[in-house]
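First the structure, in the form of structure tokens, and then the observations on it.
The values are calculated or read from the model by the stated rules, or taken from the named source; none is laboratory data. These figures come from a predicted structure and were not determined experimentally. Ideal geometry is used to build each Cβ from the backbone, glycine not excepted, and the neighbour counts take in all protein chains shown. Areas reflect the complete protein model, heavy atoms only, side chains present, ligands, DNA and RNA absent. Shrake-Rupley method; radii C 1.70, N 1.55, O 1.52, S 1.80 Å.
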Amino acid sequence: MKTILAVDDTSINLDILLEYLKDYNLIITTSGYQALEILKENRVDLILLDIVMPNIDGFETCIKIKSNPLTKEIPIIFITAKKDEQSIEKAYDIGGVDYVTKPFMKKELLSRINTHLKLYEQNQFLMKKIEQETQKRVEQQKLFEKQSKLAAMGEMVDAIAHQWKQPLSIINILSSNLELKSNYMECVTKEIIEQTNNDIIEQVEHLTQTINEFRNFFKADIQLKNTNIKELISSVIKLNESMLVENEIEVIVNCKDDIFYNLNQNEFKHIFINIINNS
């Protein structure tokens, strides 16, 4: 059963509405303030609103109802003795869907109420449909972003594998050379050991830097930061340097000056890595 809120400060009019609207769940009140309180506690499908009332008139009541996101869609039919053109225009301008003058006829009133209840129901159905479609698109977008992130992770792991290949090979060679010299009784001086150790530390630092780049890329950071584009591109190129060399790809950064822009650094890196991989 549909719920209708009738707001009128004249008891006779409310009695008539109670008689006419027996097939509806009718809530009655004699003031705009009480109507606003009722709307906080009750779900209402339509409002019948008088204009001339003490303290707060129908126009002001309507404006307050339409300014509330929870009640702004409820159709409001003005029922009033005011027949001047200015009042009628204002009623529609502030959000009323219809205007019925007193004394109202039962058949006419029921017809208009029925029409606007159907329109409201259709509107609610469409709004719910739009909301469902919007939620569906949001979920699809989240799924796409998740899949894109997983794909990016695979690309980054591949890039790390390429980056680690050369440093690990160098570490292996340095260690093997030191062992060979020792085995063949060559003079392994303190300077040779220190130099070999420094070379290994340098390669380990390179491996650590690669891992840090990887960790930074996958931080859950959606904030926009003032970023040096030139430096960001250079960091991506460096991360993929081994892969680029292996595939004989040269990336030329045609940017002489530093350019700063507010962006999501990780998303930008992801885009640029995709460009490199596509090349």
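A few points about this structure:
- Cross-chain or 6+ apart pairs with Cβ under 7 Å, the range 243-258 first and aliphatic (A, V, I, L, M), then assigned to a loop (DSSP other than H, G, I, E, B) and surrounded by 11 or more Cβ atoms within 10 Å (Cβ to Cβ): 244/251
- Members of the range 200-226 that are modelled with pLDDT of 80 or more and either part of a helix (DSSP H, G or I) or farther than 30 Å from residue 268 by Cβ (or both): 200, 201, 204
- Hey, residue 6 open to solvent by less than 20 Å² (accessible area, probe 1.4 Å), closer than 20 Å to residue 119 by Cβ, in contact (Cβ under 8 Å) with a residue 12 or more places away in the chain and among the small types (Gly, Ala, Ser) or not: yes
- Flag if residue 195 is of a type in the set (S, T, N, Q), open to solvent by 90 Å² or more (accessible area, probe 1.4 Å) and at pLDDT 70 or above: yes
- Among the residues of the range 101-139, the ones that are closer than 14 Å to residue 78 by Cα, open to solvent by less than 100 Å² (accessible area, probe 1.4 Å) and not charged (D, E, K, R) come to 6 in all.
- Scanning the range 36-56 for residues that are open to solvent by 10 Å² or more (accessible area, probe 1.4 Å) and of a type in the set (Val, Ile, Thr), we see that the one that is farthest from the chain's Cα centre (by Cα) is 52.
- Boolean, residue 119 is at pLDDT 90 or above, touching a Phe, Trp or Tyr at 6+ places or on another chain (Cβ under 9 Å) and not aromatic (Phe, Trp, Tyr): no
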